[in-house]
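*Asks:* The structure follows.
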Amino acid sequence: MKKSAAKKKKRSKKQATGGAPRRPADPAYEAISRREKETVVEIIAGGQTADKALEVGLSALVWADHGLARFDLESDLPRPLACSEGCDHCCFNQVELTPPEALGIGHFVERHFCPEERAGLLARIRMALDAKAGKSQREIAKIRLELPCPLLQAARCSVYPVRPLVCRAMHSLDAGQCQSSLQAGDLTSGAYYSQRHELVQAIARGLQAGSRAMGCQSGSLDLARALLDYFQQPDPLVRWLRGDKVFSL
Ligand code: SF4
C-alpha cells in the first residue's frame, strides 16, 4: 500500500461495511479482499456451528488489527494520530457493520453483560432507533450529540475487543476538529490517513463476498438495529450460517 498525505474530508462510520471503492481498485487492497473472502469460505466450509460463525467475524477483526498496526509501524506518518483513551467523539456517529461483526458483538454481550447491563443496552438501542426513525442522515447528524452509540458507556466502548471494523479504522489527526464537528452537528472530520480506512474496507468487502459465496446473509447493517435483531430470535449464529435472514437491512 502506498503512503500518501493525510486527507481532510467528510467522513462517517459508514465507510467500512463493504461498499463500492471510491477510486479504481488498488491491487494490494484487492488481494487483501480476496484473501479475506477465501478465509471466510474456508471457515464456513468447516462446519455449521456457532463457533464457526464467530470465527468468521474474528478472522476479519484480527486481520484488520494486524494490518492497521503494520501501517502505523511501517509508514512514515507526517503527523501522529490524535486519538487517546477516553476520547469518544467518533462514538457519536451512526455505525454500520456486516452480519458477522454484529453476531460477534451480540455474542460478546450475551457472555459478558449481566442482566441489568443487557437491559440497559436494549433500552438505549430502542431509544436510539426511536430518535432516528424517519430522519434523513443530515437530520440525524444534527442531533448526533444526543445520539451516542448504544455501546458507549462512561466514554468507553463496552464491547471493545469485538468493536466493528469501522471503529478500528476510525482515527483523526485533529481531536479539536472532531469535537467542533460533534458540537456543530455535522460530519466534517479533521485530517486522517485514508489508507487505514481503505485497508479495513478491503477486509469488509472480503468478509461480505465470502459470506455471500457461502449463502449467508451479507450487506450493511445499522448497529443498533442489528443488535435488536440479534436479541429477538433464537440461535442467530447458527441460523446465519444456515442461510437464514437474521438481520433486517
Ligand atoms: S461500537 Fe464501540 S467504538 Fe464503535 S462507536 Fe460504539 S462505542 Fe464507539
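*Asks:* Quick one: among Val40, Val62, Val162, which has the greatest mean-square fluctuation in a GNM of the chain with alpha-carbon springs under 10 angstrom?
*Replies:* Highest fluctuation among the options: Val62.
*Asks:* Helix-derived [θ] at 222 nm for the chain: sum -39500 (n - 2.57) over DSSP H runs of at least 4, divide by residue count, nearest 500?
*Replies:* About -17000 deg cm²/dmol.
*Asks:* What residue among His197, His171, His112 has the largest mean-square fluctuation in a Gaussian network model of the chain, using Cα springs under 10 Å?
*Replies:* The residue that fluctuates most here is His112.
*Asks:* While we're on this one: Kindly state, as a whole number, the per residue volume in cubic angstrom of the convex hull around the alpha carbon atoms of region 179-219.
*Replies:* Value for region 179-219: 81 Å³ per residue.
*Asks:* Using only alpha carbon positions, build the gyration tensor of region 42-91, then give the equivalent ellipsoid semi-axes as the square roots of 5 times its eigenvalues, largest first, whole angstrom.
*Replies:* That gives 32, 16, 6 Å for the three semi-axes.
*Asks:* So what are the three principal axis dimensions of the chain from its Cα atoms, in whole Å, longest to shortest?
*Replies:* Here the Cα extents, ordered largest to smallest, are 46, 42, 30 Å.
*Asks:* Looking only at Ala202, Ala169, Ala50, which one moves most when the chain is put into a Gaussian network model with springs between Cα atoms under 10 Å?
*Replies:* Answer for the Gaussian network model of the chain: Ala50.
*Asks:* Then there's this: Using the alpha-carbon centroid of each, what span in Å lies between region 206-228 and region 149-199?
*Replies:* Each part reduced to its Cα centre gives a spacing of 22 Å.
*Asks:* Quick check of the Kirkwood formula: for region 137-244, what is the inverse mean of 1/r over all pairs of different Cα atoms, in Å? Could you put the intermediate results ahead of the total?
*Replies:* Working: mean 1/r = 0.0614 Å⁻¹.
Value: 16.3 Å, from the Cα pair sum.
*Asks:* Starting from the 7 Å offset along Cα-to-Cβ, what nm value, one decimal, do you get for the label separation of Cys114 and Thr49?
*Replies:* Output for this residue pair reads 3.2 nm.
*Asks:* Then there is this: Determine the relative contact order of region 27-241: mean sequence separation of Cα pairs under 8 Å and six or more apart, normalised by residue count, in whole percent. Present the calculation step by step, with values, prior to reporting the outcome.
*Replies:* On the way: 272 pairs, mean separation 86.7, N = 215.
Reported relative contact order: 40 percent.
Values in this text are rule-based calculations from the coordinates and carry no lab data. Quick caveat: nothing in here was measured; it's all calculated off a predicted structure. Note that we place each Cβ from the backbone using ideal geometry, even for glycine, and neighbour counts take in every protein chain shown.
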